[in-house]
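**Q** Sharing a structure below in C-alpha cells format, with a few things to ask.
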Amino acid sequence: MRHVFSTFFGNTKSDPKDFASPECYDVLRRKIVLLMALVTLLPLLSLAGINYYEHQVAMTSEIQNPLRVLVGKAKHSFELFLAERTSAVSFIASAYSFEELSDDANLQRIFHVMRREFTGFVDLGLIDANGNQISYAGPYDLVGRNYAEQAWFQRVQFKGTYISDVFLGFRKYPHVIVAVRHTAENGESWVLRATLDTMHFDRIIAAMGLGADGDAFLVSRDGVLQTDSRRYGKVLDKLGFELPSTGFETNVDSTLDSDGQSIFIASALIADTDFALVDVKLKPTAFSTWYTVRIDLLFIFLTGVILIFLAVSRVTSVLIARLQESDRQRLGAIHQMEHSQKLSSIGRLAAGVAHEINNPLAIINEKTGLMRDILNLQPDFPAKDKFSKQIDAVLHSVDRCRSITHRMLSFAKRMDVKIEKLDLNAVLLETLGFLEREAQYRNITLKKELAENLPLMATDHGQIQQVFLNILNNALAAIAKEGTIVLRSWIENDKFIGVSVEDNGCGMSEETRNHIFEPFYTTKKEEGTGLGMSITYGIVKRLGGDLKIHSKLNAGTTVTILLPRTSLEG
Amino acid sequence: METSDWNILLVDDEVEFISTLAERLELRGLPARVAYDGEAALKAVADNEPEIMVLDIMMPGIKGLEVLQRIKEEHPKIQVILLTGQGKTRDGIDGMRFGAFAYLMKPLDLEELIRTLHEARQGRQEDRK
C-alpha cells in the first residue's frame, strides 16, 4: 500500500527543501485531484452506467410487451372474423343442393340472410366444377364468367377451403374472397365463393387504438400490403423492407425500415391465410419518455461530476495550501535554528579567540607597564621622553586590542539570555561602535540625538543589541555612498521608550515594505539571508514592543521601535 | 603608600603575566606572593593565609572556581578577586555566588586592580569588626 502510495505521489522525502518548489506542490495537487476524482467518479460512473442499462432494458420491455399483447388480440379478431365468414359459407354450401343454389332467387335470399347475420359480405356466387359462374348474388354481373384458370380456383379445388390475399380482380377494388368446395353424395362438386369487403380489416386495425403515430397493417408473405399503412403506402403497394421472421406466435423485433428509421415491429401470421398482421412503433416515439429520463440522468451525472471536481479541487487546494504553509514554517524554523546555531558557533569562537588573545595581551600590558614603572624610577636621560612615548604607544595599542576583544566577548555574551537593567543609549552607542569604522570609510555621517535622562530598562542586552545591529546594518546598506544616519532615542510615555534609525538611502518600494518582515525575503540577493528583519521584528514583539517602518523609494527609510521599560521575556 | 603589611597571593598559570604583575605591585608598596597553579595556591594558603587572593579562573589542573570554593570553605576571611580572559557571564555569576569579592577582566587596568585591592582590604576589616 505504501509502495502504491509512494509510486503515485512520488518519494515523500524528509528534507523539507524538497517541497520548496511550487511545481512540486502543483504536481502533488494534480495527483491528489486525479486520484480523488477517480475514486469518487468511478462508482458514480458505474452506477450511472448500470442505471442506464437497466432503465433501457426495462423501457424496452415495457414497450414490447403491450405491443405483443395488442397484436395478439388484433390477430385473434382477424382470425375470428375470417373463421365466422368461412363457416357461414361452408354451412350454406353444405345446407343447400347445387340446384337450390343455382337458382338466382334462392341465392339472392340466402345472400340477403347472410348479410343480415354477418357483416362484410359483398357478394355470393356458385361456380361449377369447370369454373363457370352458375349463379350470383351481389352488385355485379358476373354470371357466365369462368375462373378455371385462376390460381384461387385451383387451390380451392385442391384444399377445399380458401381465403385469398387482397386483390383487385374483375371488381377493380380491393377485396378478399372466401371460397369453399362442396362435393355431393353423387360425386358432383361445386364451389361457393363469397367476397369480403376489406373495409372491415381497417375497422379491426382502427379498433387497436394505435394513437396518432401508430401504424398497423396486414401484409402478405411476399411483402404486399393488404391494408393501407400510414407510413409505408396504400393497399397492394410493396412494403419497402424485409419483415423479420414471422410465425403464428406474436414476435416483437427491432429493425430499420425503408426510411432508415429504427422501429419496433410486432408481427403474427393470421391462421388459414397467407398474410400477417404487423404493428410498427417508431423507437424515438416509443422511447420519448426514456430519452427524457436519459437527459435527466445525464444532467444529474454531469452536475455530480462538476460538483465532485469543484469539491475535490477546493479541498485539495486547501490541503496543499496548509501543507505548503506548514513546510514553509518548518523550513523557516530550520533556517532560524541554523542561523542561531551559526551565531552560537561564532559566539563560542569569538569567546575562545578573545581568551587566547587576552592572555598574551595581559602579558604585554604588564611588561610594558613594568617598563614604564622602571623608566619613571630612572633619572632623566636623553632618550627618556622618546622611550616614554614608545611605551605609551604600546599601551595605547593594548587598549585598542582590549576594546576589540571585549567587543567580541560582548557579542558572545549575547548568546546567554539574561534580563538586566540597561541604559538603552549605552547599548545603542556600543552597537554603533561596531559600525563606526565602516561608516567612516564610506563617508556616512552618524548623528546621535539621544535623550539624556533615559531611564534604565529591564531587558536582554544581547537581543536588544541584535535588533539595533540589524537595523543599523540595513541603514548602512541602504546608503550607496555619502549619506546620513540619524539615531534618536526618547521617552514615548510611562511604559515605552522610543528609538529610531533614519537614513537618507535608497528607500523601499511598496512591495519590499509589504514583505520585509517575511522570513527569507531579501533585496540583498546573495549577501543577505532574508532573516534579519524577521528576527528583529520577532525579538521586538517578544519583548512586548512594536516596530514600524516609514520609507519612500529613493528618499530614505525611518525605522521606529517602541520598547517597553520592562520586557515580557528574555 | 601602603606599608608592607599587605599579604597578597597572586595565582595564574601565565608565569610572565603574574610575576610581572607581582613586581609592579611591589613597586607600589603592595608585596605579593605568586602561585602558578591551583595546587600551589592551596599550598601557599595553607602555609600562610593571605588577606587577599587574585585568582585566575582558567588554569590547568584545579580550576580557579574550584580553588575559590575550597578556600572559602576553609578560609572564609580571604578576599578573592577573580581574573578572567574570557569574560563568560556565567563564570562571573558563579564566582560571585561562591563568595568572590570582585571579577576583573584581562588585560588588567593596574589602577583598577589596586583600587579593588583596597576595597577588598577595607571589606575584610569591616568583616572583622
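**Q** Inspect the range A:438-455 for any residue being surrounded by 15 or more Cβ atoms within 10 Å (Cβ to Cβ) and within 60 Å of the chain's Cα centre (by Cα) and give the result as yes or no. First the steps, then the outcome.
**A** Taking the range A:438-455 as the starting set, the residues that turn out to be surrounded by 15 or more Cβ atoms within 10 Å (Cβ to Cβ) are A:439, A:444, A:446, A:450-451, A:454.
Subsequent filtering for residues that are within 60 Å of the chain's Cα centre (by Cα) retains none.
No, the range A:438-455 contains no residue that is surrounded by 15 or more Cβ atoms within 10 Å (Cβ to Cβ) and within 60 Å of the chain's Cα centre (by Cα).
**Q** Just checking, which of B:R33, B:R24 is closer than 29 Å to A:M371 by Cβ, among the basic types (K, R), surrounded by 15 or more Cβ atoms within 10 Å (Cβ to Cβ) and over 11 Å from the mean Cα position of the chain (by Cα)?
**A** Of the residues listed, the single one that is closer than 29 Å to A:M371 by Cβ, among the basic types (K, R), surrounded by 15 or more Cβ atoms within 10 Å (Cβ to Cβ) and over 11 Å from the mean Cα position of the chain (by Cα) is B:R24.
**Q** With the requirement that a residue be open to solvent by 10 Å² or more (accessible area, probe 1.4 Å) and hydrophobic (A, V, I, L, M, F, W, C), what does the range B:58-71 give you? Walk me through it before giving the result.
**A** Keep residues of the range B:58-71 that are open to solvent by 10 Å² or more (accessible area, probe 1.4 Å), which gives B:58, B:60-63, B:65-66, B:69-70.
Selection gives B:M58, B:I62, B:L65.
**Q** Moving on to the next point. Looking only at helices (runs of 4 or more DSSP H) that lie completely in the range B:1-108, which have at least 3 residues being more than 13 Å from every other protein chain (Cβ to nearest Cβ)? Write out each step before concluding.
**A** Numbers: elements: B:15-27, B:38-47, B:64-74, B:89-97.
Here the list reads B:38-47, B:64-74, B:89-97.
**Q** Do you know which residues across the range A:137-155 are part of a loop (DSSP other than H, G, I, E, B) and not aromatic (F, W, Y)? Steps first, please.
**A** Keep residues of the range A:137-155 that are part of a loop (DSSP other than H, G, I, E, B), which gives A:138-145, A:147-150.
If the condition is that a residue be part of a loop (DSSP other than H, G, I, E, B) and not aromatic (F, W, Y), then A:G138, A:P139, A:D141, A:L142, A:V143, A:G144, A:R145, A:A148, A:E149, A:Q150 are the ones that fit.
**Q** Which residue, of A:T285, A:T292, is among the polar types (S, T, N, Q) and either assigned to a loop (DSSP other than H, G, I, E, B) or open to solvent by less than 70 Å² (accessible area, probe 1.4 Å) (or both)? Give the steps one after another, and end with the answer.
**A** Working: A:T292 fails: either assigned to a loop (DSSP other than H, G, I, E, B) or open to solvent by less than 70 Å² (accessible area, probe 1.4 Å) (or both).
Going through A:T285, A:T292 in turn, the sole match is A:T285.
**Q** Kindly list the number of the only condition in (1) more than 22 Å from A:T198 (Cβ to Cβ); (2) open to solvent by less than 30 Å² (accessible area, probe 1.4 Å) that fails for A:M114.
**A** Exception for A:M114: condition (1).
**Q** Which numbered condition trips up A:N493, out of (1) open to solvent by 10 Å² or more (accessible area, probe 1.4 Å); (2) in contact with a Leu (Cβ under 6 Å, 6 or more places away or on another chain)?
**A** (2)
**Q** Would you mind finding the one in A:A271, A:A321 that is out of contact with any strand residue (DSSP E or B) (no Cβ under 9 Å at 6 or more places or on another chain) and part of a helix (DSSP H, G or I)? Step through it out loud before you land on a result.
**A** On the way: A:A271 fails: part of a helix (DSSP H, G or I).
Testing whether each residue is out of contact with any strand residue (DSSP E or B) (no Cβ under 9 Å at 6 or more places or on another chain) and part of a helix (DSSP H, G or I) leaves just A:A321.
**Q** Go through the range A:349-392 residue by residue and tally those that are open to solvent by 50 Å² or more (accessible area, probe 1.4 Å) and part of a helix (DSSP H, G or I).
**A** The initial filter retains those residues of the range A:349-392 that are open to solvent by 50 Å² or more (accessible area, probe 1.4 Å), namely A:349, A:353, A:356-357, A:360, A:364, A:367, A:371-372, A:374, A:376-382, A:385-387, A:389-390, A:392.
Filter again for part of a helix (DSSP H, G or I), leaving A:349, A:353, A:356-357, A:360, A:364, A:367, A:371-372, A:374, A:376-377, A:385-387, A:389-390, A:392.
Number of matching residues: 18.
**Q** If you don't mind, another one. Name the residues in the range A:122-137 that are among the charged types (D, E, K, R) and under 17 Å from A:G160 (Cα atoms), would you? I'd like the intermediate steps shown before the answer.
**A** First pass over the range A:122-137, keeping only residues among the charged types (D, E, K, R): A:123, A:128.
Once the filter is applied, which keeps residues that are among the charged types (D, E, K, R) and under 17 Å from A:G160 (Cα atoms), the range A:122-137 yields only A:D128.
**Q** Which residues, counting only those in the range A:222-277, are closer than 21 Å to A:Y162 by Cβ, of a type in the set (F, W, Y) and either in contact (Cβ under 8 Å) with a residue 60 or more places away in the chain or crowded, with 20+ Cβ neighbours inside 10 Å (or both)?
**A** Correct list: A:F275 only.
**Q** Right, next: So for the range A:363-373 (the condition being at pLDDT below 90, closer than 30 Å to B:L108 by Cβ, within 9 Å of chain B (Cβ to nearest Cβ) and touching a Cys at 6+ places or on another chain (Cβ under 9 Å)), does at least one residue qualify?
**A** Of all residues in the range A:363-373, those at pLDDT below 90 come to none.
Within the range A:363-373 (the criterion being at pLDDT below 90, closer than 30 Å to B:L108 by Cβ, within 9 Å of chain B (Cβ to nearest Cβ) and touching a Cys at 6+ places or on another chain (Cβ under 9 Å)), the answer is no, since none of the residues qualifies.
**Q** What residue, of B:D47, B:D12, is under 13 Å from the mean Cα position of the chain (by Cα) and either among the acidic types (D, E) or farther than 17 Å from A:A362 by Cβ (or both)? Let's see the steps before the verdict.
**A** Working: B:D47 fails: under 13 Å from the mean Cα position of the chain (by Cα).
From the options B:D47, B:D12, the qualifying one is B:D12.
**Q** Something else about it: Test A:D380 against the criterion of being modelled with pLDDT under 90 and closer than 27 Å to A:Q465 by Cα, and give yes or no.
**A** On the way: modelled with pLDDT under 90: yes; closer than 27 Å to A:Q465 by Cα: no.
Considered against the rule, which asks whether it is modelled with pLDDT under 90 and closer than 27 Å to A:Q465 by Cα, A:D380 comes out as no.
**Q** B:I114: of a type in the set (A, V, I, L, M), open to solvent by 20 Å² or more (accessible area, probe 1.4 Å) and within 14 Å of chain A (Cβ to nearest Cβ), yes or no?
**A** Numbers: of a type in the set (A, V, I, L, M): yes; open to solvent by 20 Å² or more (accessible area, probe 1.4 Å): yes; within 14 Å of chain A (Cβ to nearest Cβ): yes.
Here the answer is yes, as B:I114 does meet what is asked.
**Q** Any residue at all in the range A:168-183 that's aliphatic (A, V, I, L, M) and more than 29 Å from A:G223 (Cβ to Cβ)?
**A** The first filter runs over the range A:168-183 and keeps only residues aliphatic (A, V, I, L, M), leaving A:168, A:176-180.
Imposing the further condition that a residue be more than 29 Å from A:G223 (Cβ to Cβ) reduces the set to none.
For the range A:168-183, residues aliphatic (A, V, I, L, M) and more than 29 Å from A:G223 (Cβ to Cβ): absent.
**Q** Kindly list, by first and then second residue, each pair from a residue in the range A:431-453 that is of a type in the set (S, T, Y) to a residue that is part of a strand (DSSP E or B) and surrounded by 12 or more Cβ atoms within 10 Å (Cβ to Cβ), limited to pairs with Cβ atoms under 6 Å and residues at least 6 apart or on different chains.
**A** Pairs found: A:T445/A:T484.
The values are calculated or read from the model by the stated rules, or taken from the named source; none is laboratory data. Keep in mind the model is a prediction, meaning the values are calculated, not measured. Note that we place each Cβ from the backbone using ideal geometry, even for glycine, and neighbour counts take in every protein chain shown. Surface accessibility is based on the protein's heavy atoms, side chains included, excluding ligands, DNA and RNA. Shrake-Rupley method; radii C 1.70, N 1.55, O 1.52, S 1.80 Å.
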